[in-house]
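The values are calculated or read from the model by the stated rules, or taken from the named source; none is laboratory data. Just so it is clear, the structure is predicted and the values come from calculations on it, not from any experiment. Please note: Cβ atoms are built from the backbone with ideal geometry, for glycine as well, and neighbour counts cover all protein chains shown.
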Amino acid sequence: MATEGSPAPSIVLSDQHGETVDVTGLRGRKVLVYFYPKADTPGCTTQSCGLRDVTDRIGDTVIIGISPDKPARLAKFDEKYSLGFTLLADVDHAVAESFGVWVEKSMYGKRYMGIQRSAFLIDADGTVERAWPKISPKDTPTELLKALGID
C-alpha cells in the first residue's frame with residue numbers, strides 16, 4: 001500500500017467526461033485521492049456526498065474519486081448527486097494496484113478481487129501525506145478536515 005512519506009504513484013486516467021487527467025498537473029496543491037468500489041452504491045454515495053458537502057471548507061485542496069467504473073457510469077453518478085469534482089475510471093485497476101488497494105475480498109464465502117475503500121492525501125510536492133486504508137465512507141470527509149487542520 002502507498003504509505004505516508006512515500007511518493008504518490010502516478011495517476012493518469014479518464015475522467016467522467018472522457019478526458020485524460022494526469023494528477024501530476026496538480027502539483028502545488030494538496031489532493032485527496034479516494035478509492036471506492038462502485039459508483040451509485042450506498043457506501044460510495046455516502047462517501048462521495050460527504051466529500052461534496054465539505055468542498056467549500058477545504059480551500060484549494062482537490063478531491064479525486066477513483067473506481068473501476070467506466071466514464072459513462074461515473075458521469076451519471078456525478079450528475080445524480082451534483083458531486084462537482086473529478087471522478088476517474090480505473091477500469092483495468094492498474095492505479096488501484098499501484099496504491100495497493102486492489103485486494104482479495106470475500107462476500108458470502110466467495111472470494112474475488114476488488115477495491116479496498118481507502119483514501120490518500122497527497123501534498124503539494126506529490127508525497128503521500130496521510131493514508132487511510134479501509135476507511136469508512138462516513139469518516140472520509142471528517143478525516144480530510146482533520147488532516148487539513150479544519151474543525
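Taking every residue in segment 59-71 that is within 14 Å of Gln116 (Cα to Cα) and pairing it with any residue that is among the charged types (D, E, K, R) and in a loop (DSSP other than H, G, I, E, B), at least 6 positions away or on another chain, the pairs with Cβ-Cβ distances below 6 Å are Ile66/Asp90; Pro68/Asp90. Taking the stated definitions as given, is Leu51 in contact with a strand residue (DSSP E or B) (Cβ under 7 Å, 6 or more places away or on another chain) and either in a strand (DSSP E or B) or at pLDDT below 95 (or both)? Answer is no for this residue.
Of all residues in segment 83-107, those being among the polar types (S, T, N, Q) and under 12 Å from Ile64 (Cβ atoms) number 1.
Just one of the numbered conditions (1) without any contact (Cβ under 8 Å) to a residue 24 or more places away in the chain; (2) closer than 17 Å to Val23 by Cβ; (3) in contact with a helix residue (DSSP H, G or I) (Cβ under 7 Å, 6 or more places away or on another chain); (4) not β-branched (Val, Ile, Thr) is not true of Glu97: (3).
Taking segment 12-48 as the range and being outside any strand (DSSP E or B) and among the small types (Gly, Ala, Ser) as the test, the residues that pass are Gly18, Gly25, Gly28, Ala39, Gly43, Ser48. Criterion applied to Asp56, Asp78 was being more than 19 Å from Val128 (Cα to Cα), in contact (Cβ under 8 Å) with a residue 60 or more places away in the chain, of a type in the set (Asp, Glu) and not in a loop (DSSP other than H, G, I, E, B), and the one residue passing it is Asp78. As for segment 111-118, it holds at least one residue that is part of a strand (DSSP E or B) and of a type in the set (Lys, Arg). Filtering segment 60-87 to residues that are farther than 20 Å from Thr127 by Cα and among the aliphatic types (A, V, I, L, M) leaves Ala72, Leu74, Ala75, Leu83, Leu87.
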